[in-house]
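Just so it is clear, none of the values below were taken in a lab; they were calculated from the coordinates. Here the structure is a predicted model, which is why all the values come from computation and not from measurement. Neighbour counts run over all protein chains shown; Cβ positions are idealised from the backbone, glycine included.
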Amino acid sequence: MFQRRKEMEFFSRVLERLLNGEQLDFPLEYKDELPAKIQYQLLRLSEKIYGNERQLKKERDEIRELIAEIAHQMRNPLANLESYLELMYTAEDETERQSYLEILKNTESQLHFLTESFIKMARLENRIIQIKPDSTALSATILQSILQVKKAAENKKIFIDFTSEEAIETPHDANWLGEAVFNILENSVKYSPCDSVIDVSVSRNEMYTRIAVEDSGTGICEGEEALIFQRFYRGRETQGKPGFGLGLYLSREIVFHHGGFIKARRKKQGLEIIIFLP
């Protein structure tokens, strides 16, 4: 009877600690008896509660960080809108007004791009959008992405050379994977010099289908191979140039949701981004 009361008092103290938000830590008795089993279950419950609390804290911190990053990224375009709107309304010369209007259009495009990118980012991270792979020919998806950057490439007299080993039909979501390839190509065109070549290739081995985009542009510094895929990261070589550091991050998330991975390889002149799909 005394032993049973002692056990009940122990469990009462343990439950009180759980209610107070403490993580349990006590030596287990390895016996095939009910009190020992309850002790083990209480420790597991404590670990689960503590783990859930840590995950919630991490998510809250990430949300706060994301809100701060969004506010920082949108501050300049919004300030530009306000300034140039005022200048446009007070300008007396029509030519001057038109130049302000062009700046406002560009700023509006920046805000639209940021807003769309934030929505895609949030949906991918929270799995609101599901990747739906089908058997669409991979070359058709990549060619569509190339067409989307064709005009910008032609303006800089950049030739995009696409080669594929064979008619590869790796299961993929054409819309989302096309977005990932487009983001990489857009960066390549943006940071490549005029009259240069961007090589796009598709190959396959026993484990992966490999999509590579290689340019002779600005490139990255040593140690930035993984950093450039982080949200809002801008490479040291791209400072002062247009961009928000979201394209490659979105590409990484899309490829990850396809069960693959993405990597960057520095070159003497330029950069190679490679997508690996299972």
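Within region 110-233, DSSP assigns beta bridges of which about 55% are antiparallel (rounded to the nearest 5). Working from label points 7 Å from Cα in the Cα-to-Cβ sense, the R60 to E82 distance is 3.1 nm. Between A36 and A91, how many nm apart are label points set 7 Å from Cα along the C-beta direction? For the pair A36/A91, the computed spacing is 8.4 nm. E22 sits among other residues whose Cβ lies under 12 Å from its own Cβ, and their net charge, with Lys and Arg +1 and Asp and Glu -1, is -1. Each of Q130 and E165 was given a label point 7 Å from its Cα along the Cα-to-Cβ line. The distance between the two points is 3.2 nm.
Pairs exceeding 32 Å between alpha-carbon atoms, taken from K58/K190; K105/K157; K58/K132; K150/K263; K132/K268; K156/K268: K58/K190; K132/K268.
Fully extending the segment from S203 to R265 would add 20.6 nm, taking 0.36 nm per residue of separation and subtracting the current Cα-Cα distance.
Here r is the Cβ-Cβ distance between E102 and D195 and R0 is 25 Å; the resulting FRET efficiency, rounded to 0.05, is 0.40. Working note: Cα gyration tensor of region 95-204, eigenvalues times five, square-rooted, sorted largest first, giving semi-axes of 30, 22, 9 Å.
Note: relative contact order over region 142-211, using C-alpha pairs below 8 Å and six or more positions apart, is 45 percent. Compactness check for region 175-234: Cα Rg over 2.2 N^0.38 Å is 1.25.
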